[in-house]
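Read the structure below first, then the notes.
The values are calculated or read from the model by the stated rules, or taken from the named source; none is laboratory data. These numbers come from a predicted model, not from an experiment. As a convention, Cβ positions derive from the backbone with ideal geometry for all residues, glycine included, and neighbour counts pool all protein chains shown. Protein only, heavy atoms only, side chains kept; ligands, DNA and RNA dropped before computing areas. Shrake-Rupley method; radii C 1.70, N 1.55, O 1.52, S 1.80 Å.
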Amino acid sequence: MNTVTHSFAYQVYSSASELASPDRELLALAGMAVSSSHAPYSRYHVGAAVKLADGSVFTGSNQENMAFPAGLCAERVAVFAAASNCPGVPVAALAITAMADTFEVSEPVPPCGMCRQAIVEYEMKYGNKIRIILGGHSGKVYVIDGMKTLLPLTFHEAELAKK
Ligand code: THU
């Protein structure tokens with residue numbers, strides 16, 4: 001028996017203003033996407049912005065539904081929009097932020113587990129890491145080098161991808 005330890009390093013910035021301009025701009029676009037959120041049930045409004053390898057940007061926001069599981073997170077709205085409009089173009093970076101109606105989001109907003117799984121698929125598809133920029137309405141910003149970092153032991157079955 002062996003014990004295996006996973007650890008990872010990530011960058012912590014004290015505020016968005018400390019970021020280099022490409023990261024700061026992508027996070028600002030995620031912030032703008034918050035306004036298109038449809039979140040009458042949670043009143044938690046998430047915005048995401050995806051930058052592709054060719055420089056194009058797609059944004060998304062969480063879209064909730066009365067039938068709760070029918071809704072979708074902001075990250076998947078943004079990444080699926082990018083993938084369906086620009087097939088074949090790798091995803092380079094993803095920024096996420098949120099605002100809540102009833103409290104201040106003062107911590108970086110990490111992607112949920114389903115979004116991690118959905119997005120890591122594009123890292124595997126194109127063989128590149130996606131830079132992840134996590135902000136809140138205020139406070140620190142985290143930058144993580146790759147979605148797989150946030151999803152150790154990723155489900156991945158090569159046989160399923162075979163024709
Ligand atoms: N949400 C996202 O948009 N992204 C995440 O990664 C986690 C949660 C949304 C789903 C729901 O509309 C609201 O935030 C509260 O869970």
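Remarks
- For the chain, the fraction of C-alpha pairs more than 26 angstrom apart is 27%.
- DSSP-loop GluC sites (Glu not before Pro) across the stretch 51-157, with at most 12 other Cβ within 10 angstrom: Glu104, Glu157
- The share of accessible area on the chain that comes from carbon and sulfur is 58 percent, using a 1.4 angstrom probe.
- Measuring gaps between exposed loop sites in the chain (chymotrypsin sites (Phe, Trp or Tyr not before Pro); DSSP loop; at most 11 other Cβ atoms within 10 Å), the longest gap, sites not included, is 42-102.
- Per-residue 3J(HN,Hα) values for the stretch 69-76, derived from phi via the Karplus relation 6.51 cos²θ - 1.76 cosθ + 1.60 with θ = phi - 60°, read x, 6, x, 9, 5, 4, 5, 6 Hz in sequence order (x marks Gly and Pro).
- Within the straight-line cut-off of under 16 Å between alpha carbons, the lysines reachable from Lys162 are Lys125, sequence neighbours fewer than 8 places apart in one chain being disregarded.
- Couplings for the stretch 92-104, taken from phi via the Karplus curve 6.51 cos²θ - 1.76 cosθ + 1.60 with θ = phi - 60°, read 9, 8, 9, 10, 9, 8, 7, 9, 10, 6, 10, 7, 8 Hz in order; Gly and Pro are left as x.
- Fluctuation leader among Ala16, Ala53, Ala92 - the chain, Gaussian network, Cα springs under 10 angstrom: Ala53
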